[in-house]
1. Would you mind ranking 216, 126, 312, 87 so that the residue whose beta carbon has the fewest other beta carbons within 10 Å leads the list?
2. Treating the angle as unsigned and between 0 and 90°, give the value, to the nearest 10°, between the Cα long axis of helix 315-327 and the longest Cα principal axis of the chain.
3. Determine, for 159, 150, 94, the number of other Cβ atoms within 10 Å of each Cβ, and report the residues in order from fewest to most.
4. Taking other Cβ within 10 Å of each residue's Cβ, how do 190, 224 sort, fewest first?
5. If you line up the long axis of helix 138-151 against the longest principal axis of the chain, both from Cα atoms, how many degrees apart are they, to the nearest 10?
6. Output the antiparallel fraction of DSSP beta bridges having both residues in the chain, as a percent to the nearest 5.
7. Just report the Cα centroid separation between segment 95-112 and segment 187-256, whole Å.
8. Could you work out which residue, out of 145, 299, 324, moves most in a Gaussian network model of the chain, that is, has the largest mean-square fluctuation with Cα springs under 10 Å?
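Throughout, read-outs are computed from the coordinates displayed, never taken from laboratory work. As the structure is a computational prediction, the values presented were derived from the model and not from experiment. Cβ: placed from backbone, ideal geometry, glycine included. Neighbour counts: every protein chain shown.
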Ligand SMILES: Cc1cc2nc3c(=O)[nH]c(=O)nc-3n(C[C@H](O)[C@H](O)[C@H](O)COP(=O)(O)O)c2cc1C
């Protein structure tokens with residue numbers, strides 16, 4: 001089974017080249033799809049890249065230890081299609097040897113870069129001293145960055161938050177990360193203690209940029225592309241997360257976004273088809289339902305469709321539901337469909 005997955009993975013390789021300078025090659029602000037466990041899989045990355053080919057994408061976060069053991073479920077997570085490129089592989093953990101070995105593996109798979117998750121607030125992750133817990137152990141965080149930087153030709157980036165309860169250690173952390181070999185740092189402009197809904201505070205990220213020579217990206221609370229370009233200021237790029245779920249068109253300027261649901265339907269259908277291709281019909285459709293609910297959010301009388309959407313089990317079910325919306329009065333409220 002794992003051999004089969006590896007063969008599929010290797011088919012999607014890019015030429016293996018030294019790309020340490022990847023993050024420094026951009027001449028304009030970079031826009032990216034933020035890594036999101038349970039959402040930013042290959043199918044959704046393909047959808048976002050189809051809508052907006054200029055963006056960069058990340059995998060969902062994946063355990064470095066698990067990759068070392070070549071756990072088949074994790075290998076599936078690292079499958080990508082060349083259309084998604086450049087794709088950054090995101091890993092988490094706390095073991096230097098696993099990070100180094102995972103980094104070499106990512107290099108073989110043709111990823112454009114490797115990102116170290118130092119921001120995940122999930123209880124299980126924090127309890128294991130991974131993710132944001134590394135902000136309370138700078139020494140270990142820097143050793144992990146250094147181990148990866150030495151192990152691979154891939155550029156190494158770090159994604160973290162403002163801090164644990166405030167941004168008081170952000171500059172010290174950023175400087176240490178840069179000294180340890182980080183080629184880019186992306187800051188989710190919320191602290192560990194702030195839930196995703198709390199307004200993001202970008203000021204400390206602008207200050208961090210002034211203290212570092214590597215590129216600094218910002219992330220948090222962007223709901224429109226134009227808003228991202230306003231917020232980016234002295235930074236090198238920004239990532240959009242939640243606002244892309246059910247709305248990959250968020251990566252387009254507002255004037256270029258489709259107005260009618262009918263214009264969105266082919267992409268939504270393609271998303272379902274890619275899900276099936278990646279995971280098979282049963283699992284693919286199960287995973288697609290949550291995306292489908294988000295795609296119809298805001299359209300007229302969407303509640304009436306909820307049960308249909310929660311039970312789609314095949315591409316024809318998806319087609320039928322899309323047809324109901326496109327043909328019926330639901331598409332009259334299409335502007336809201338982009339919400
Ligand atoms: C459902 C979900 C899953 C996420 N998974 C990850 C992840 O795997 N790795 C990561 O670095 N951040 C993850 N994040 C955080 C996002 O990458 C991003 O930093 C956060 O959502 C803030 O951006 P936004 O306000 O644009 O959503 C996740 C966020 C959400 C909502």
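1. Values: 216 23, 126 16, 312 20, 87 28.
By the 10 Å Cβ count, ascending: 126, 312, 216, 87.
2. 60
3. Values: 159 26, 150 13, 94 19.
With the fewest neighbours first, 159, 150, 94 line up as 150, 94, 159.
4. Values: 190 22, 224 16.
Least to most surrounded, the residues fall as 224, 190.
5. 80
6. Values: 0 of 30 bridges.
Of all bridge pairs located within the chain, approximately 0 percent are antiparallel.
7. Using only Cα atoms to place each centre, the spacing works out to 27 Å.
8. With Cα springs under 10 Å in the chain, the top fluctuation among 145, 299, 324 is at 324.
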